[in-house]
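K.L.:
Can you read through this structure? Questions will come right after.
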Amino acid sequence: MRTVVTHYRDLARWDVKSFLLFSNIGADHVRLGTLLRKKQNQWNGTDDVPMLSLHFGGEFSQRESNQIKGQLFVADKGDIIPDQYSRALFTAEFPIYEIDTSVIHPVYLQLYLQSSAFKNLINSIVSGASGRKRVKPSDFESLFVRVPAMNIQEGIVNDWHKAQMEVHGLKKSASDLESSIDRFVLSELGIQLKEPQKNDGAFVVHFSDLERWGVDFNTINAKTARNIKGKYKSKKLFEITRATCGGKWGDEKPTKNSTVLKILRATNFDGINNINLSNIAERAIKTSEIPNFVLKKGDIIVEKSGGGEKTPVGRVAFIDLDIHYGYSNFLQKISIVEGVNPKFVYITLGTYHSVGFTKYLQMNTTGLRNLIMEDYWSVNIPIPPLLKQNEIVAKVEIIKKRIIDIQNQVIDKLQSAKADIEKAII
């Protein structure tokens, strides 16, 4: 049982929670409302400014379109927005504040507002039932933050920037290693990348030479991607495929003729980490279809529909475990013939996607990219002797392990830095 004594004049509102929130306030704590000034710089509708959303956990995400009904407001550099943006748009539901930088360092304030202790305070003033939750600006402005001397704030910010620089260096090392995989695979297979050729203005092609109705499809770069050559004899993908099966989405609820099965989706593809087995969907699949449908160790799954605005479709994942899972209708399962290492094929197809070959093996529909499967099955794969395939796989696995080790270092560094910062500011 805890007793709290407060003057009536210091009550922010008529409830116990209001003064429990402020019971740990010290001499160096300042009310947010005195540090921030609300601004409403309305967007003129013409300037090219990215639109962001702020999520409850403190993360920002960019919206696909600025075509939002209602007024939009501009936040500038110096307001609390991600470093990579000089300006950003927000809807009226996100108040924008200017910071009194003579009293508090903007980055220090950002770190303070994203600390777990302050998030707990925010959670205690949330209003709204299940679904969308809100924080009243007046309640937010009534909260207190610790504001030490400016030199102490700057020291905390410098420590954070130092940690960020170390993390940036680690991420660059991981990125360089990831790029080295593609260079290594292409070099080992004797595949040479040509510099992208730009067509300035018009180009002429005979109607008889058109392979398909599409300008991009008939460029030199596209034809090169569909006729890959290396130092080993090549085989078409379909020639080394023992079996294949399209994915299924099934039904939400099972019947007497169906069985609930865990279903992998493209969202479970996890780059270097291959597959993330968290957040797995469960769907009811016809029991009679499961034997040929279920994934087996050594299978490759290809993203045949999806992609993104800047990412071509055609990502691949490898089933390295004995798992009784299915896969969604946006994916295609490929089982490789005996005598060819399936992980070698997976690595090669992954490199083709990374270097942009699959860009020329797709077509776009409304908001979706689709692999042209006829072309994908006909893609050339240089097939070295099995011993060489195994050697390539082993070396790529070593590089991937180094990347994963670095990724774990990044996680540890960020967690350690955040813990140190929170201890310093709270």
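Rule-based calculations on the coordinates, nothing more; no lab input. These figures come from a predicted structure and were not determined experimentally. Neighbour counts are summed over all protein chains in view; Cβ atoms, including those assigned to glycine, are modelled from backbone coordinates with ideal geometry.
K.L.:
How big is the dipole moment of the range 221-291 about its Cα centre under a simple scheme where the beta carbon of each Lys and Arg is +1, that of each Asp and Glu is -1, and everything else is neutral? Debye, nearest 20, please.
P.N.:
With Lys and Arg at +1 and Asp and Glu at -1, about 600 debye.
K.L.:
Could you work out how far apart the two model spin labels at Ser187 and Glu397 are, taking each label as a point 7 Å from the Cα in the direction of the beta carbon, and quote it in nm?
P.N.:
Going by the 7 Å Cα→Cβ label model, 2.1 nm.
K.L.:
Expected output is a single nm value to one decimal: the length gained when fully extending between Lys418 and Asp320, i.e. 0.36 nm times separation in residues minus the C-alpha distance. What is it?
P.N.:
31.8 nm
K.L.:
Tell me, Tyr112, Tyr97 in order of fewest to most beta-carbon neighbours within 10 Å?
P.N.:
Tyr97, Tyr112
K.L.:
Please report how far the C-alpha centroid of the range 288-314 lies from that of the range 223-248, rounded to the nearest whole angstrom.
P.N.:
16
K.L.:
Once you put a point 7 Å from the Cα of Asp76 and another 7 Å from the Cα of Asp28, both along the Cβ direction, what distance in nm separates them?
P.N.:
Placing both labels 7 Å along Cα→Cβ, they lie 3.1 nm apart.
K.L.:
Now for a separate question. Nearest 0.05, what FRET efficiency do Asp405 and Ile426 give at R0 = 25 Å with Cβ-Cβ as r?
P.N.:
After rounding, the FRET efficiency stands at 0.20.
K.L.:
Right, another one. Around Asp299, with a cut-off of 13 angstrom between Cβ atoms, what is the net charge of the other residues, counting Lys and Arg +1 and Asp and Glu -1?
P.N.:
+3
K.L.:
Of Lys333/Lys359; Lys262/Lys418; Lys171/Lys253, which ones are farther than 32 Å apart at the Cα?
P.N.:
Pairs exceeding the cut-off: Lys262/Lys418; Lys171/Lys253.
K.L.:
Arg37 to Thr101: extension gain in nm, 0.36 nm per residue of separation minus the Cα-Cα distance?
P.N.:
21.9 nm
K.L.:
Next question, about the same structure. Note the full-extension length gain between Ser61 and Gln84 as 0.36 nm times their separation in residues minus their Cα-Cα distance, in nm to one decimal.
P.N.:
Full extension of this stretch gives 7.1 nm more.
K.L.:
Starting with the fewest neighbours, write out Met165, Met51 ranked by other beta-carbon atoms found within 10 Å of each beta-carbon.
P.N.:
Placing the least packed residue first, the sequence is Met165, Met51.
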